[in-house]
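*Asks:* Questions regarding the structure given below will be posed in turn.
The values are calculated or read from the model by the stated rules, or taken from the named source; none is laboratory data. Note that this is a predicted model, so its numbers are computed, not measured. Don't worry about glycine lacking a Cβ; one is built from the backbone with ideal geometry, like all the others, and counts go over all protein chains shown.
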Amino acid sequence: MQKILRGIAVALAVALFAAPSVAATTTTVRHRIAIQVDQNDPQVMNLALNNASNIIDYYRAKGEDVQVEIVAYGPGLNMLRADTSPVKARLKLMKDVSFPSRIVFSACNNTRQAMEKREGHAIAIVPEARIVPSGVVRLMNLEEQGWSYVRP
């Protein structure tokens, strides 16, 4: 009988200590969205940035965590090029001031290398962005990890 009571007491103790950690994981909501930019069009670039800002503002107001990654490839890489970006100032503001921990800009290295070959010189990417091997593969990987996906 004492073994049974001791077993029940141990089970109760385990349940009581486990409950707060289970509750903590279910109340933390994490939203993740990948936004594709594949057009050299300032309107599309600004729409992607507007979408990112609106998403972050929405979840921040609800007290919920959100992560946004904008992936630029093909003609859309111009968004993240240091020499051609029509939204360079806005990228800096969003990454450095508005949403530093909530937004990532990813530049496709395949596209960059193709542009460098075609143009005959190195292509610099804005410092707010990071280079990924392939923009399309990056989007695939994010979706496989459960990220939502938008193409403006």
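Each row is one residue, and each column tells you yes or no for (1) in a helix (DSSP H, G or I); (2) touching a residue at least 24 places away in the same chain (Cβ under 8 Å).
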{"residue": "Arg112", "(1), (2)": "yes, yes"}
{"residue": "Glu116", "(1), (2)": "yes, no"}
{"residue": "Ala122", "(1), (2)": "no, no"}
{"residue": "Val136", "(1), (2)": "yes, yes"}
{"residue": "Glu143", "(1), (2)": "yes, yes"}
{"residue": "Gly146", "(1), (2)": "no, yes"}
{"residue": "Pro152", "(1), (2)": "no, yes"}
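*Asks:* Among the residues of the stretch 92-110, are any closer than 19 Å to Pro152 by Cβ and assigned to a loop (DSSP other than H, G, I, E, B)?
*Replies:* yes
*Asks:* Separate question: Pick out the one residue from Gln2, Gln39, Gln43 that is at pLDDT 50 or above, out of contact with any Ser or Thr (no Cβ under 9 Å at 6 or more places or on another chain), of a type in the set (S, T, N, Q) and surrounded by fewer than 10 Cβ atoms within 10 Å (Cβ to Cβ).
*Replies:* Gln2 is the lone residue from the list that is at pLDDT 50 or above, out of contact with any Ser or Thr (no Cβ under 9 Å at 6 or more places or on another chain), of a type in the set (S, T, N, Q) and surrounded by fewer than 10 Cβ atoms within 10 Å (Cβ to Cβ).
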